[in-house]
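Working notes for the structure below.
Values in this text are rule-based calculations from the coordinates and carry no lab data. Remember, it's a predicted structure, so these values are computed and weren't measured experimentally.
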Amino acid sequence: MTMRIAPDKNQPSVAIEIPLVKPLPDYDLEQMEQPTPRDIDGILVSQGFRDLVDDARGILTDLLAHPPALADGSHLVDLDLANVPHLEIAQLTGAICPGDEEVYRPGLWIVLKDTKAPAKQALNEMALEHVRLIVEAFVKRLGL
């Protein structure tokens, strides 16, 4: 099971779903696979999951303010200031992620919005690459 990055059509935003695939003992989240969505509800309201969401918000906020470098070491900001997206967190919450063979996992649901992009226009490729870099760094820093 992998994360999904789904740009919105005709909107300058993107939805990101990150299923939690391994135990996170620092958050008291041990048993990730559950047989029903109702079992995931219990995880999503736990103190450990709320702590994870709080930490996730802090890390994501930092990454939006200080995005990671591209593979060649440059930053998107260095390339073209006029087209660099100005992303903000529109939503960050828990999610019920369906898996294979009637297995469900808790996950993170994130919506990022480019506040400087035209309202009825999808994110461009540069903005989507920016999002991908941020999400990869986010997953790595949170240890997901």
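So what is the relative contact order for region 4-142, in percent, with contacts set as C-alpha pairs under 8 Å and at least six apart? Normalised by residue count, the contact order of region 4-142 is 37 percent. Of all lysines in the structure, the ones whose alpha carbon falls short of 24 Å from that of LYS113, not counting any fewer than 8 places away in one chain, are LYS9, LYS140. In the chain, which helices (entire DSSP H runs) extend 18 Å or more along their own long axis, judged by Cα positions, while averaging at least -1.0 on the Kyte-Doolittle scale? Qualifying helices: 47-65, 125-142. The aspartates and glutamates whose alpha-carbon is closer than 16 Å to the alpha-carbon of LYS22, local same-chain residues fewer than 8 away aside, are GLU30, GLU33, ASP100.
Using 0.36 nm per residue and subtracting the Cα-Cα separation, the extra length available between ILE89 and ASP41 on full extension is 15.0 nm. Shape class of region 85-144 from the alpha-carbon gyration tensor: prolate, with a/c at 1.5 or above and a/b greater than b/c.
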